[in-house]
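Below you'll find the structure, written out as structure tokens, and then a few comments.
The values are calculated or read from the model by the stated rules, or taken from the named source; none is laboratory data. The shown structure was predicted, so the numbers you read here are calculated from the model rather than taken from an experiment. So basically every Cβ, Gly included, is an ideal-geometry build from the backbone, and we count neighbours across all protein chains shown. Remember, those area values only see protein heavy atoms, side chains included, never the ligands or the DNA or RNA. Shrake-Rupley method; radii C 1.70, N 1.55, O 1.52, S 1.80 Å.
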Amino acid sequence: MDVATWLAQATADADARGLPQLKPLLETLAKATAALRAAEDADHSEQAAEYAEDQGDGGR
Amino acid sequence: MVDVRPATLVEAARLIEARQLSPVDLAKGCLARISERNEHLRAFIAVTAEAALADAARAEKEIAAGTYRGALHGVPVSVKDLVDMAGLPTTAGSNVPARPATHDAPVVANLRRAGAVIVGKTNLHEFAFGTTGDETAFGAIRNPHDPTRSAGGSSSGAAVSLVEGMCYGAVGTDTGGSIRIPAAACGVTGLKPTSGEISADGVVPLSTTLDHVGPLANSVSDAALLYYAMLDADAPAERLPAPSPAPLWLGVPEPYFLDLLDADVRRLFAGARGALERGGHAVSTVAIAHAERTADVYLHISLPEAACYHAPLLRDHADKYAPGVRLRLEMGGYVLAEDYLRAMQQRTRLRRAVDRALEGLDALLLPALAIPAPPLGASSIDVDGKTQPVRAMMLRLTQLFNITGHPAIAIPCGRGADGLPRAIQLVGHRGSTERLLQVALAVERQIQQQ
């Protein structure tokens, strides 16, 4: 589930539960979740680059 | 017997062992100070005066008969009201109904076996889910240095109880900084040991991955004595570690940790660093890879774990929580399992990053709290001309080491122009809390010589 979809569903649920005060907190959490996922992507890219470099050196 | 008010646990222990100070008189003095100041400061939720005096009398009798159990014998201590004490409700600072605990938590049992005299249960940020001590069912805890200010949290009452001489040691808990933050805000010492070292059984959980139990005290030596007693009550009486001999190798982690600091925190931290360098210690700059991910990782571990524990309580007693605490707990229920697992994976990376930063060093050196104790009720604060959220600023320098489990200690390093305390923090190698205490003793000594 992407973060935008998550946020839409979470805020709709908060509204349905009578907790509109949760919305700004959920927006803050959404930013943190996006950053967490971006960190994971960055780690994967870093690992892929390291692997590619190792493969390039491996033939020597 | 000498009519004295010792400044530290070490001094009290020495006088008690020498039979120059009566544990009963010491307890009476602490209880009198609680009686005088607690209504204003709200450090304690429950004061166990009768039991404390009985325990003190028993300690006095044992010592007179030649049975001395060690440094904690006959010494008054306080316990955060998140920790079970048999026969008392563990309120967790909340109006949510609490049953009386049937057993002492192991940490309390260990302190009792060491002969400690427990004077009461201290006030805290509700369910330990906050850094300011102003969301509690028992009245916002006031900072003794300025009663309009927060005492820090969540172990707010624990820190205040020490400053005011209401006890000589305090049991706290630390999930994102809740021992070190109030220690820094109130000008006392606070130790978060290595993860898992001191049992968290019988302690109301906030986030089981991040929760730690540890002592607050008036000095590093005092903290060490409490730490050993909390760990293992059968430890030999003479467990005071010796300070590390010079030179120490210390690393200041940059960037991130020094990026956003109150001006006096920056000045006093620089002063402490300079004092250490003049004292012959080596202080270098190190980097902790991906430190900027700390807050996001912390949120995605602490929120769902807290929400999980509180789900049944929220179902039945939502209206009894402080509104801010309730909303943060509700928020936790929305974190997806995949993002919790992502955060746990990042935790492994961050742990390795801190291990790497510590290679070749005795400890990391950084400020403990980025801002002075904030005004009670404040949700934002000005730092370097920019408005920042109080909660994020309070947690900024401490929460990483809850994620990674490294031991960390906050030590006072002076007062700002506003009269409020500031503190440094030392972070040691995982599994080496005793070594960290040795480093801290040497650092404390050097800072006090400034």
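Any residue in segment B:225-244 that is of a type in the set (D, E), within 19 Å of B:E434 (Cα to Cα) and touching a helix residue (DSSP H, G or I) at 6+ places or on another chain (Cβ under 9 Å)? Yes, the conditions are met somewhere in segment B:225-244.
Going residue by residue through segment B:54-77, is there one that turns out to be touching a residue at least 12 places away in the same chain (Cβ under 8 Å), closer than 30 Å to B:T132 by Cβ and of a type in the set (V, I, T)? Checked segment B:54-77: at least one residue is touching a residue at least 12 places away in the same chain (Cβ under 8 Å), closer than 30 Å to B:T132 by Cβ and of a type in the set (V, I, T).
Within segment B:428-441, identify whether any single residue is open to solvent by less than 10 Å² (accessible area, probe 1.4 Å), out of contact with any strand residue (DSSP E or B) (no Cβ under 7 Å at 6 or more places or on another chain) and modelled with pLDDT of 95 or more, and answer yes or no. The answer is yes; a qualifying residue exists.
When B:A322, B:A306 are checked against the criterion of being touching a residue at least 60 places away in the same chain (Cβ under 8 Å), within 14 Å of chain A (Cβ to nearest Cβ) and in contact with a Gly (Cβ under 6 Å, 6 or more places away or on another chain), a single residue qualifies: B:A306.
So if I check each of B:M344, B:M331, which one is farther than 30 Å from B:G251 by Cα, outside any loop (DSSP other than H, G, I, E, B) and within 12 Å of another protein chain (Cβ to nearest Cβ)? Step by step, each of B:M344, B:M331 is checked, and only B:M331 is farther than 30 Å from B:G251 by Cα, outside any loop (DSSP other than H, G, I, E, B) and within 12 Å of another protein chain (Cβ to nearest Cβ). Against the criterion of being part of a loop (DSSP other than H, G, I, E, B) and open to solvent by 10 Å² or more (accessible area, probe 1.4 Å), B:T132 qualifies.
When you scan segment A:9-60, how many residues do you find that are more than 12 Å from chain B (Cβ to nearest Cβ), modelled with pLDDT of 95 or more and open to solvent by less than 60 Å² (accessible area, probe 1.4 Å)?
Narrowing segment A:9-60 to residues more than 12 Å from chain B (Cβ to nearest Cβ): A:15-16, A:45, A:48-60.
Within this subset, residues satisfying the condition of being modelled with pLDDT of 95 or more are A:15-16.
Those left that are additionally open to solvent by less than 60 Å² (accessible area, probe 1.4 Å): none.
Going through segment A:9-60 one residue at a time, the tally reaches 0.
Select from segment B:370-380 the residues that are surrounded by 20 or more Cβ atoms within 10 Å (Cβ to Cβ) and touching a Pro at 6+ places or on another chain (Cβ under 9 Å) and list them in ascending order. Walk me through it before giving the result.
The initial filter retains those residues of segment B:370-380 that are surrounded by 20 or more Cβ atoms within 10 Å (Cβ to Cβ), namely B:370-374.
Within segment B:370-380, B:P372, B:A373 meet the criteria.
Could you please find all residues in segment B:347-366 being in a helix (DSSP H, G or I) and touching a residue at least 24 places away in the same chain (Cβ under 8 Å)?
Here is the first cut: in segment B:347-366, the ones in a helix (DSSP H, G or I) are B:347-357.
Result: B:R347, B:R349, B:L350, B:R351, B:A353, B:V354, B:D355, B:R356, B:A357.
If you go through segment B:159-186 and pick out every residue that is buried (at least 24 other Cβ atoms within 10 Å of the Cβ), more than 8 Å from the chain's Cα centre (by Cα) and small (G, A, S), you end up with 6.
Given the condition over 24 Å from B:G177 (Cα atoms) and modelled with pLDDT of 95 or more, answer yes or no: does some residue in segment B:123-138 qualify? No, every residue in segment B:123-138 fails to be over 24 Å from B:G177 (Cα atoms) and modelled with pLDDT of 95 or more.
The lone criterion from (1) open to solvent by less than 20 Å² (accessible area, probe 1.4 Å); (2) closer than 18 Å to B:A52 by Cβ; (3) of a type in the set (A, V, I, L, M, F, W, C); (4) assigned to a loop (DSSP other than H, G, I, E, B) left unmet by B:A86 is number (1).
Among the residues of segment B:279-320, those identified as charged (D, E, K, R) and closer than 25 Å to B:T404 by Cα are B:E292, B:R293, B:D296, B:E305.
Being free of Cβ contacts under 8 Å to residues at least 12 places away in the same chain, within 14 Å of another protein chain (Cβ to nearest Cβ) and of a type in the set (D, E, K, R) is a description that applies to B:R315.
Would you be able to tell me the number of residues in segment B:25-54 that are in a helix (DSSP H, G or I) and open to solvent by 30 Å² or more (accessible area, probe 1.4 Å)? Don't jump to the end; show me each part of the working.
Of the residues in segment B:25-54, the ones in a helix (DSSP H, G or I) are B:25-41, B:49-54.
Cutting the leftovers down to open to solvent by 30 Å² or more (accessible area, probe 1.4 Å) gives us B:25, B:28, B:32-33, B:35-37, B:39-40, B:49-51, B:53-54.
Total satisfying the criteria: 14.
Among the residues making up segment B:7-24, a single one is under 18 Å from B:S161 (Cα atoms), modelled with pLDDT of 95 or more and part of a loop (DSSP other than H, G, I, E, B): B:T8.
You will find that of B:E338, B:E359, the residue that is over 22 Å from the mean Cα position of the chain (by Cα) and more than 12 Å from every other protein chain (Cβ to nearest Cβ) is B:E359 and no other.
Which ones in segment B:93-107 are closer than 17 Å to B:R315 by Cβ and touching a residue at least 12 places away in the same chain (Cβ under 8 Å)? B:S94, B:N95, B:V96, B:P97 - these are the residues of segment B:93-107 that are closer than 17 Å to B:R315 by Cβ and touching a residue at least 12 places away in the same chain (Cβ under 8 Å). The criterion of at least 3 residues that are surrounded by fewer than 18 Cβ atoms within 10 Å (Cβ to Cβ) and at pLDDT 95 or above is met, among strands (runs of 3 or more DSSP E) falling completely within segment B:211-321, by B:282-286.
Do we have any residue at all in segment B:409-419 that's of a type outside the set (F, W, Y), under 30 Å from A:Q9 (Cβ atoms), in a loop (DSSP other than H, G, I, E, B) and in contact with a helix residue (DSSP H, G or I) (Cβ under 6 Å, 6 or more places away or on another chain)? No, because not a single residue in segment B:409-419 is of a type outside the set (F, W, Y), under 30 Å from A:Q9 (Cβ atoms), in a loop (DSSP other than H, G, I, E, B) and in contact with a helix residue (DSSP H, G or I) (Cβ under 6 Å, 6 or more places away or on another chain).
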